[in-house]
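The values are calculated or read from the model by the stated rules, or taken from the named source; none is laboratory data. Everything quoted here is computed from the prediction, not taken from an experiment. Here the Cβ positions follow ideal geometry from the backbone for every residue, glycine too, while neighbour counts run over all protein chains shown.
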Amino acid sequence: MDDRFQPETKRDLIIAVWEELDCDSVGEAELHSIQQTLRTRLGEGAVDSPAAIARILAEEGATLRHPEVLRFDSRWREAQIEATGNLNDFDVLNLKESLEAVRRLTAWRKELKSNGVEQRALTFALNAKKEAELIARSKVSEPKEREVAEEVAQWLTVWLQNPELFEDWVGLRMESPEYLERFK
């Protein structure tokens with residue numbers, strides 16, 4: 001595809017790639033090619049599921065190889081779940097690991113947002129925040145654990161309010177005198 005072509009929408013790009021493929025029917029290879037172009041041109045967060053892409057193409061008159069599309073979509077979704085599985089190890093007692101987990105959460109949210117299911121990431125963050133708040137208030141936790149959990153709860157509060165600003169905010173937070181005194 002000519003890199004100078006600038007579609008107005010992601011849908012336009014999907015259709016343009018399909019037209020360039022000049023295929024009689026659409027299955028895994030074609031959908032994978034479209035996903036690769038979306039990833040290259042628009043970034044990882046813009047990659048739609050195979051089923052979502054197939055739906056757009058069907059609306060445009062493409063003939064779908066349904067069993068192949070369904071198998072590919074199922075494998076793609078399983079891979080998405082596996083890729084975010086490491087979020088289950090969100091350690092609210094370790095600042096470095098928590099920061100990396102929030103960054104993975106941000107990437108996962110972008111992927112989910114492009115598929116219209118962003119709420120999963122928000123729910124995950126809210127649950128992690130509640131866990132951190134419980135530890136921060138716990139009388140059986142060590143004082144340092146409570147302090148770290150309180151900090152992570154604050155991070156997640158900011159992230160939930162505005163995920164796009166989190167990275168800038170946490171950078172400033174980690175340079176603040178209060179943070180440096182407490183955690184360095």
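Values for this structure:
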| read-out | value |
| --- | --- |
| Subset of region 8-27 [surrounded by fewer than 18 Cβ atoms within 10 Å (Cβ to Cβ), closer than 20 Å to E68 by Cα and in contact (Cβ under 8 Å) with a residue 24 or more places away in the chain] | D24, S25 |
| Selection from region 31-58 of residues that are farther than 22 Å from Q6 by Cβ and more than 23 Å from the chain's Cα centre (by Cα) | A58 |
| Every residue from region 121-143 that is more than 16 Å from L93 (Cβ to Cβ) and hydrophobic (A, V, I, L, M, F, W, C) | A121, L122, F124, A125, L126 |
| Selected residue [under 22 Å from D168 (Cα atoms) and at pLDDT 90 or above] from E133, E118, E150 | E150 |
| Restricting region 93-114 to residues that are acidic (D, E) and over 8 Å from the mean Cα position of the chain (by Cα), the residue that is farthest from T9 (Cα to Cα) | E97 |
| Scan of region 58-92 for residues that are modelled with pLDDT under 85 and closer than 24 Å to D12 by Cα, ordered by number | W76, R77 |
| Residue among L112, L156 that is part of a helix (DSSP H, G or I) and free of Cβ contacts under 8 Å to residues at least 40 places away in the same chain | L112 |
